[in-house]
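Novice: Before we start, here is the structure in question, set down as structure tokens.
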Amino acid sequence: MPELTTASTGVESLTPYAEAGVLEAADVQVAAALTRLIAEPQHPDVVLAVAMAVRAVRHGSVCLELDRVAESVGVEDADEETLARLEALAWPEVGAWCQRLTDSSLVATANATGIAGGTGGVYPLRLEQGLLYLDRYWRQERLIAEFVDRRASAVENVDEHALSVALQRLFPDERDERQRAAASTATRSWNSVVAGGPGTGKTTTVAKLLAVLCAQPGPAPRIALAAPTGKAAARLSEAVLATIATLDEVDRAVVTAPQATTIHRLLGWVPSRNRFRHNQSHRLPYDVVVIDEASMVSMTLMARLVEALRPDTRLVLVGDPDQLASVDAGAVLRDLTERSTMVDHVVTLSRVHRFAGEIHELASGIRQGNADRVMDVLRNGNEVVLTAPEEAAAVREELVMTGRAAAAAATTGDAMGALEALERHRVLCAHREGPYGVTRWSMLADDWLREDDPEHPRFGLWYPGRPLMVTSNDRELGLFNGDTGVVVASGGRLVAAFRFGDEAREIAINRLSDVVTVNAMSIHKSQGSQFDAVTVVLPDPTSPLLTRELLYTAVTRAKERVRIVGTEAAVRAAVDRRIQRASGLQRA
């Protein structure tokens, strides 16, 4: 429980919420700091709202939905005593709560333009239609909303004949109707979204979409490709260039070979000044900006991006709105696809190329929130199966087979063989710690592998077949947070091997800085990766991390087989529970 100090701030009223695990020390401390800005005492309900608004951002929401607070206070790994405290918490009646916030000098309402007492003209919080924001996030959301609404009209001076010819040339297959629509929409719109699940051809569509834009009369557009992470940017470059290489010579010549970068590098992040070089006063010089893996972009980063775009720059967002959102506040892609001024500019690709059969059925059932259909697939499918947590023998066998194959290839210096072996199977966990977490399952894998081959040097830090994951970006080496590799024997020494396209690149292990062993990984870290088979470890049904988006992201990492280690109750809880990230961006 956080220490609650200084009664003058009113935070002593937060004690029951801290004892129940709802509030952490940071929530209480920020609430105390904000209430000190005001010379007058604040009602306990106002202090509670401030602390809960801080908590909401910490949990990924942009704001606090006052009428849904009680639904949002799940506590991870709560014991019976904590659950009892949660049930005993009292929450203010919404109408009275809104009125107290409206009356508070800490809070500006939607129509407020005056100066709040004691804040020097800055309101720490904003209340709008039952949503309570920290002022920073309210401003970011308004910036994005106004950007989208302002650019809702169609692009003028589109050469329809050139567009029609390019669409027919680049998308000749009748089955490419949705891809053709995505390219057409991006040509006619200032803002557009290419949405779709894994394996639906989003990146291929982007490459051809760029060729369609380049086919318009006039100078070739200046194009920027970017993604939230270095790993995603590298894969975007690789996939787009591979598709461009298959195009006709005339299209290859005009599209050239755009290289993707991270959004931070695109905007010119300056760490020493804690800001970007490109902003509303120094715009980006591009005519077209494509952002891949847009579901991972936070509210803050999206706000910084849109303010740096010129009014005549096309913005194309690419991603899967059903996947896990950014680890920071906001679910911007999902919100934008549901905003009224954007819905006509969203094209969803649905034809799956990467996997089919039971995995496709399973993913569809999860996405639709149909728990009965999901359970039917799990019970009857050959490619997907539900395993009770106590029946881990099958997982052990697959982990040992994978580790054995990787070690055998790595010992003989076959780097690509070792990498391909590790891509056959991966354990994915919702939690990092605890009985269902990455740490425990990584230790289990180590123990099982040592028992399988006691002579193998697994007790050392570096050994052939050790699976690696990079945990920080290293631009000099071309490695990015989330990249995976393996230790191999090469020329009488141990090196680390990482896949770059169709090749394995060897790097001296003394050049690596931040790497960990990755027998298991979190579902969040697995985004953008693919494996032949995955084992998904689900926590108890009460875990607040167990959501539809988490389960959907996990099962769609597999190309051939999915095993879910958990109970039917856990599966049903995940399918029924959507991530509740409050924001007002969906509202027109």
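Novice: Quick one: of the DSSP bridges fully inside region 184-322, what percent are antiparallel, nearest 5?
Specialist: Counting DSSP beta bridges with both partners in region 184-322, the antiparallel share is about 15 percent.
Novice: Something else about it: Beta carbons within 10 angstrom, averaged per residue: use that to sort the peptides 159-171, 87-99, highest first.
Specialist: Highest mean packing first, the order is 159-171, 87-99.
Novice: Please report, in Å, the Rg and the Dmax of region 406-523, where both are computed over Cα atoms only.
Specialist: Expressed in Å, the Cα Rg and Dmax of region 406-523 come to 13.8, 40.
Novice: Okay, moving on. Run a plain Debye calculation on region 215-284 (Cα atoms as equal point scatterers, no solvent) and give log10 I(q)/I(0) at q = 0.17, 0.22, 0.24, 0.26 Å⁻¹, rounded to two decimals, same order as the q list.
Specialist: Debye intensities relative to I(0), on a log10 scale: -0.75, -0.98, -1.05, -1.11.
Novice: Among the lysines, select those whose C-alpha is under 16 Å from the C-alpha of Lys231, and discard any that sit fewer than 8 residues away in the same chain.
Specialist: Within the straight-line cut-off, Lys231 pairs with Lys525.
Novice: Moving on to the next point. Quick one: if the Förster radius is 35 Å, what FRET efficiency do Arg404 and Arg475 give, using the C-beta to C-beta distance and rounding to 0.05?
Specialist: Given R0 = 35 Å and the Cβ-Cβ separation, E is 0.50.
Novice: With every protein chain present, what accessible area does Arg505 have (1.4 Å probe, heavy atoms only), rounded to the nearest 10 Å²?
Specialist: 110
Novice: Where Rh is the Kirkwood radius over the Cα pairs of region 245-389, the temperature 10 °C and the viscosity 1.306 mPa s, what D in µm²/s does Stokes-Einstein return?
Specialist: For these conditions, the coefficient is 86 µm²/s.
Novice: Ignoring solvent entirely, what values of log10 I(q)/I(0) come out of the Debye formula for region 410-459 at 0.19 Å⁻¹ when each Cα is a single scatterer?
Specialist: Debye output, listed in q order: -0.81.
Novice: Please compute the contact order of the chain in relative form: average sequence separation of alpha-carbon pairs under 8 Å and at least six residues apart, divided by the residue count, as a percent.
Specialist: Relative CO of the chain lands at 13 percent.
Novice: Further, regarding this structure: When a/c is below 1.5 the answer is rounded, else prolate if a/b is larger than b/c, else oblate, so apply that to region 295-334 with a ≥ b ≥ c taken from the square roots of the Cα gyration tensor eigenvalues.
Specialist: Because a/c hits 1.5 or more and a/b fails to exceed b/c, region 295-334 counts as oblate.
Novice: Can you give the Kirkwood hydrodynamic radius for region 308-423, in Å, rounded to one decimal and based on Cα pairs?
Specialist: Roughly 18.7 Å, rounded to one decimal.
Novice: Which FRET efficiency value, to the nearest 0.05, do you get for Asp328 and Val516 by plugging their Cβ-Cβ distance into 1/(1 + (r/R0)^6) with R0 = 22 Å?
Specialist: FRET efficiency, Asp328 to Val516: 0.50.
Novice: Here's a follow-up. How large is the Kirkwood hydrodynamic radius of region 430-588, in angstrom, based on all distinct alpha carbon pairs?
Specialist: Radius from the Kirkwood sum: 17.7 Å.
Novice: Could I ask something else about it? Antiparallel DSSP bridges in the chain: what percent, to the nearest 5?
Specialist: The antiparallel fraction comes to roughly 40 percent.
Novice: Also: How fast does region 464-506 diffuse by Stokes-Einstein, in µm²/s, taking the Kirkwood radius from C-alpha pairs at 37 °C and 0.692 mPa s?
Specialist: It comes out at roughly 305 µm²/s.
Novice: Could I ask something else about it? Take the Cβ-Cβ distance between Arg373 and Arg68 as r, set R0 to 25 Å, and report the resulting FRET efficiency rounded to the nearest 0.05.
Specialist: According to the calculation, E is roughly 0.40.
Novice: Rolling a 1.4 Å sphere over the protein heavy atoms, what is the accessible area per residue of the chain, to the nearest Å²?
Specialist: Accessible area per residue: 43 Å².
Novice: As an exercise, find the ratio Rg/Rh for region 384-435 from alpha-carbon atoms, using the Kirkwood inverse-distance average for Rh.
Specialist: Answer for region 384-435: 1.07.
Novice: When the dipole is taken about the Cα centre of the chain, and only Lys, Arg (+1) and Asp, Glu (-1) are charged at their Cβ, what size is it in debye, to the nearest 20?
Specialist: That gives the chain a dipole magnitude of about 1820 debye.
Novice: Describe numerically, in nm with one decimal, the distance between label points set 7 Å from Cα along Cα→Cβ at Ile507 and at Arg578.
Specialist: Going by the 7 Å Cα→Cβ label model, 3.9 nm.
Novice: Okay, next question. What distance in nm lies between label points placed 7 Å from Cα along the C-beta direction at Arg58 and Asn157?
Specialist: 5.2
Novice: Expressed in nm², what is the orientationally averaged projection area of the convex hull enclosing the Cα positions of region 485-559?
Specialist: That works out to 6.7 nm².
Novice: Give me the percent of the accessible area of region 386-534 that comes from carbon and sulfur atoms, probe 1.4 Å, all protein chains in place.
Specialist: Carbon and sulfur: 49 percent of the exposed surface of region 386-534.
Novice: At 4 °C and 1.567 mPa s, grab the translational diffusion coefficient of the chain from Stokes-Einstein with a Kirkwood Rh over Cα pairs, rounded to a whole number in µm² per second.
Specialist: 50
Novice: Now for a different question. As an exercise, find the ratio Rg/Rh for region 139-287 from alpha-carbon atoms, using the Kirkwood inverse-distance average for Rh.
Specialist: With Rg and the Kirkwood Rh in hand, the quotient comes to 0.98.
Novice: Still on this structure, I have one more. Cα-Cα pairs above 15 Å in region 243-293: how many percent?
Specialist: That tail contains 60 percent of the Cα-Cα pairs.
Novice: What does DSSP give for region 101-239 in terms of the percent of beta bridges that are antiparallel, rounded to the nearest 5?
Specialist: 60
Novice: Kindly provide the helix-only [θ] at 222 nm of the chain, computed as the sum of -39,500 (n - 2.57) over DSSP H runs of four or more divided by all residues, to the nearest 500 deg cm²/dmol?
Specialist: Taking each H run of at least 4 residues, the total per residue is -11500 deg cm²/dmol.
Novice: Counting only Cα atoms, I'd like the Rg/Rh figure for region 156-231, Kirkwood definition for Rh.
Specialist: Here Rg/Rh amounts to 0.97.
Novice: Could you order the peptides 51-57, 243-249, 370-376 from most to least packed, using the average number of other C-beta atoms within 10 Å per residue?
Specialist: With the highest mean Cβ count within 10 Å placed first, the list reads 51-57, 370-376, 243-249.
Novice: Along the positive direction of the dipole of the chain (beta-carbon charges: Lys, Arg +1; Asp, Glu -1; about the Cα centre), which of Gly268, Pro219, Gly403 reaches farthest?
Specialist: Of the options given, the answer is Pro219.
The values are calculated or read from the model by the stated rules, or taken from the named source; none is laboratory data. What you see is a predicted model, and the numbers here were worked out from it, not measured in a lab. Neighbour counts run over all protein chains shown; Cβ positions are idealised from the backbone, glycine included. Calculation scope for accessible area: heavy atoms of the full protein, side chains included, ligands and nucleic acids excluded. Shrake-Rupley method; radii C 1.70, N 1.55, O 1.52, S 1.80 Å.
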